[in-house]
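This report refers to the structure that appears directly beneath it.
The values are calculated or read from the model by the stated rules, or taken from the named source; none is laboratory data. As the structure is a computational prediction, the values presented were derived from the model and not from experiment. Methodologically, a virtual Cβ is constructed for each residue, glycine included, from the backbone with ideal geometry; neighbour enumeration extends over all protein chains shown. Just so you know, the surface numbers come from the protein's heavy atoms only, side chains and all, with ligands and any DNA or RNA stripped out. Shrake-Rupley method; radii C 1.70, N 1.55, O 1.52, S 1.80 Å.
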Amino acid sequence: MSNTDFAVPLATVRIRRSPETADFLGLDSLLTDDERMIRDNIRAFVPEQLLPHVCEWFERDALDPGIVPELGTLGGLGMHLQGYACAGAGAVAYGVTCLKLEAGDSGLRSLASVQGSLAMFAIWRYGSEEQKQEWLPRMAAGEAIGCFGLTEPDAGSDPAAMRTCARRGGDDWVLNGTKMWITNGSIAEVAVVWARTDDGIRGFVVSSDMPGFDAQDLHGKLSLRASVTSELILDDCRLPGSAMPPEAAGLSAPLSWLNEARYGIAWGAMGAARACYEAVLDYGLSRRAFGKPIAAFQLTQAKLGSMVVELSRGQLLAFHLGRLRERGAVRPEQISLGKLANVDAALAVARDARTILGANGITLEYPVMRHANNLESVLTYEGTAEIHALAVGRAVTGIPAYR
Ligand code: TGC
Ligand code: FAD
């Protein structure tokens, strides 16, 4: 018997695929008709408006802000807020939107998270009526972009160590300091920034045309390249007294808003993972080695099987958090668990997916390494994996171990 006798005859490699392979458990049936409709709108937007450009943006380390009004038209910005031209959608509808956006690129979901869950939510929750009227309808339409400045060069995981300060100048506030790694920074018309005052940490709504406000883009990123990331410089930036919403006081304000965005990431990471899985499933069925599709090898199927497990678990987890959230019953540490688990799962899927593509996997021709690189930022921002592990640890032991 020769070696070739062991090869599987082509005719025996029968391909019987589950019709909804990325939704192995049929989770789609858990969505309401409205949620499915919102999901389908965004699903169409990504291949039409994002995918034709995203590789070029990733290569150029840039994003065309022209996409923002397009997303606004679909109701994808601040969609979970009520009033002020926002859609008032539920948490699961917002979640499936994040999933679909991040299936395109984490940079697009980031843009929507920062705009809707951080900048708009801050104004919606704590802003004066005048600030809400001035900013929210335009931000929902994508006519004005917002950013959220908490992190500083020397204060990321520990925002309580921030140095940016605000002092009184008559009735005005005068801000000095630097914010670092700020998504949408240089394309934003409005920034919600945090500064130390004599009265503790406070939030400020800063229009980017105020004298003393500057934003410089950060370059040389190997991750989240189809996204604008900037440094904000506040150099004697003078703001009217009304720029400080009275209730945006203490770190608990920004930290509680982060729950909004972290929840979206639990869904979004599953979008990146699904895109990786779908790309390599098709590839594995058509790419041949040793006389048969590489998807016919047991080692490849083990990888695909574990991707399906991670995707199914992660989407169920995100869905459960969403329904809890809609009942007002979700706890911050449960959101920490969701962000931690689903970003880890997405990274594992992306890493396995890259190997299935072989050398093709290191190119931009396939979305996998772009997603894998992006997920390194997602692992770090909105609280690092370590910070979320500590949040879960604090919840189960009652002992805070951050300090
Ligand atoms: P600690 O004493 O624990 O807390 C201070 C106050 O905040 C409250 N709090 C929360 N409230 C609601 N939800 C949460 N998740 C909360 N976490 C804390 C807390 O109850 C307390 O309230 P009060 O009333 O007693 O004063 O504060 P700490 O200084 O010891 O720090 C705790 C720690 C480490 C958890 C916190 O500092 C933290 O979360 N660090 C991570 C920072 C972070 O996530 N930064 C994200 C910046 S924005 C961003 O990354 C955007 S990325 C772009 C994109 O989204 O796409
Ligand atoms: P550090 O806090 O210096 O942490 C370094 C390492 O030490 C990490 O592994 C961390 O987990 C670990 N560590 C720190 N403390 C502990 C501890 N107590 N126990 C165990 N380990 C610990 N911020 C904004 O405010 N707005 C934005 O729009 C924004 N966008 C971003 C976009 C991108 C692409 C990136 C990469 C970041 C963005 N960030 C933004 C910043 C982000 O939130 C921070 O990078 C993040 O909070 C971590 O802070 P750091 O980078 O300073 O890391």
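Structural remarks
- Residues (open to solvent by 10 Å² or more (accessible area, probe 1.4 Å) and either among the charged types (D, E, K, R) or within 14 Å of ligand 2 (Cβ to nearest atom) (or both)) located in segment 91-119: 100, 114
- Residue in segment 363-370 that is in a helix (DSSP H, G or I) and within 21 Å of residue 113 (Cα to Cα) present: yes
- Residue check, residue 386 within 16 Å of ligand 2 (Cβ to nearest atom), part of a loop (DSSP other than H, G, I, E, B) and charged (D, E, K, R): no
- Scan of segment 149-167 for residues that are open to solvent by 20 Å² or more (accessible area, probe 1.4 Å) and within 14 Å of ligand 1 (Cβ to nearest atom), ordered by number: 151, 153, 154, 156, 157, 158, 160, 161
- Residue count for segment 258-291, restricted to those that are more than 15 Å from ligand 2 (Cβ to nearest atom) and closer than 21 Å to residue 349 by Cα: 20.
- Residues considered: 300, 363. Of these, the only one that is in contact with a strand residue (DSSP E or B) (Cβ under 9 Å, 6 or more places away or on another chain) and either at pLDDT below 95 or more than 16 Å from ligand 1 (Cβ to nearest atom) (or both) is 300.
Condition check ((1) in a loop (DSSP other than H, G, I, E, B); (2) open to solvent by 30 Å² or more (accessible area, probe 1.4 Å); (3) more than 21 Å from residue 117 (Cβ to Cβ); (4) away from ligand 2 (no atom under 16 Å from the Cβ)) across all residues:
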{"residue": "204", "(1), (2), (3), (4)": "no, no, no, no"}
{"residue": "215", "(1), (2), (3), (4)": "no, no, no, no"}
{"residue": "222", "(1), (2), (3), (4)": "yes, yes, yes, no"}
{"residue": "230", "(1), (2), (3), (4)": "no, no, no, no"}
{"residue": "235", "(1), (2), (3), (4)": "no, yes, yes, yes"}
{"residue": "242", "(1), (2), (3), (4)": "no, yes, yes, yes"}
{"residue": "247", "(1), (2), (3), (4)": "yes, yes, no, yes"}
{"residue": "256", "(1), (2), (3), (4)": "no, yes, no, no"}
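- Residue count for segment 168-180, restricted to those that are crowded, with 21+ Cβ neighbours inside 10 Å and near ligand 2 (Cβ under 8 Å from one of its atoms): 1
- Answer residue from segment 12-38, given it is assigned to a helix (DSSP H, G or I) and at pLDDT below 90 and is surrounded by the fewest Cβ atoms within 10 Å (Cβ to Cβ) among those: 12
- Of all the residues in segment 136-148, those that are away from ligand 1 (no atom under 12 Å from the Cβ) and open to solvent by 10 Å² or more (accessible area, probe 1.4 Å) number 5.
- The residue list 353, 346, 341, 329 contains one member that is open to solvent by less than 50 Å² (accessible area, probe 1.4 Å), over 20 Å from the mean Cα position of the chain (by Cα) and closer than 20 Å to residue 318 by Cα, which is 329.
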